[in-house]
Amino acid sequence: LLPFVQQLSHQPRWQLWLAPDRRINRYWINSLGLPAQKTISLSSLSTEKSVEMMEKALSSGNFSSVIAWLPVITAEIKERLQHAAKLGDCYGFILQPSSMVQVNLPFNNMHWH
């Protein structure tokens, strides 16, 4: 994931990180080789607000990528996010603890662009 996100950082658009507990540290962003001046980090959002924010950001056309930590999402939410990503020509990434990933949700079939 990191090499792809690094490649996307060369676009003139922003990158958005939605984290559950705390904002992403600028030092950490720089250490990953990502431009801190084109990276936005938001935190302390409920799952519903994170999904809403992710959907708006994906469809806005202002971001090259949106990365969010979310619990398992429904097929309906996944479809909404896919549609938003297509509208905004944006890549969306959902990060989940491995214990939360359900095998019956086909995340590998998602086309985010």
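The values are calculated or read from the model by the stated rules, or taken from the named source; none is laboratory data. Keep in mind it's a predicted model, so treat the numbers as computed, not measured. Here the Cβ positions follow ideal geometry from the backbone for every residue, glycine too, while neighbour counts run over all protein chains shown. Quick note on the areas: whole protein, heavy atoms, side chains included, nothing else; ligands and nucleic acids left out. Shrake-Rupley method; radii C 1.70, N 1.55, O 1.52, S 1.80 Å.
Quick look at the numbers
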| item | result |
| --- | --- |
| Where labels lie 7 Å past Cα in the beta-carbon direction, separation of Asp89 and His10 in nm | 1.7 |
| Helix-only mean residue ellipticity at 222 nm for the chain, each DSSP H run of n ≥ 4 adding -39500 (n - 2.57), per residue, nearest 500 | -10500 deg cm²/dmol |
| Net charge over other residues, Cβ less than 10 angstrom from the Cβ of Val66 (K, R count +1; D, E count -1) | 0 |
| Hz values of 3J(HN,Hα) by residue in segment 63-73 - Karplus curve (6.51, -1.76, 1.60), Gly and Pro given as x | 10, 7, 8, 10, 10, 9, 8, 9, x, 4, 10 |
| The chain, relative contact order in percent, only Cα pairs under 8 angstrom and at least six apart counted | 25 |
| Length gained when the stretch Ser43-Val72 is fully extended (0.36 nm per residue, less Cα-Cα span) | 8.6 nm |
| Nonlocal amide H pairs with Ser41, under 5 Å, H built at 1.01 Å | Trp17 |
| Between helix 47-60 and the chain: long-axis angle, C-alpha atoms, 0 to 90°, nearest 10 | 60 |
| Accessible solvent surface per residue of the chain, calculated while the other protein chains remain in place, 1.4 angstrom probe, Å² | 59 |
| Loop sites in segment 1-97: trypsin sites (Lys or Arg not before Pro), DSSP, at most 11 other Cβ within 10 Å | Arg22 |
| Efficiency of FRET between Arg22 and Asn62 - r from beta-carbon atoms, R0 25 angstrom, step 0.05 | 0.60 |
| Tyr91 long-range amide H proximity, modeled H, under 5 Å | Ser65, Val66 |
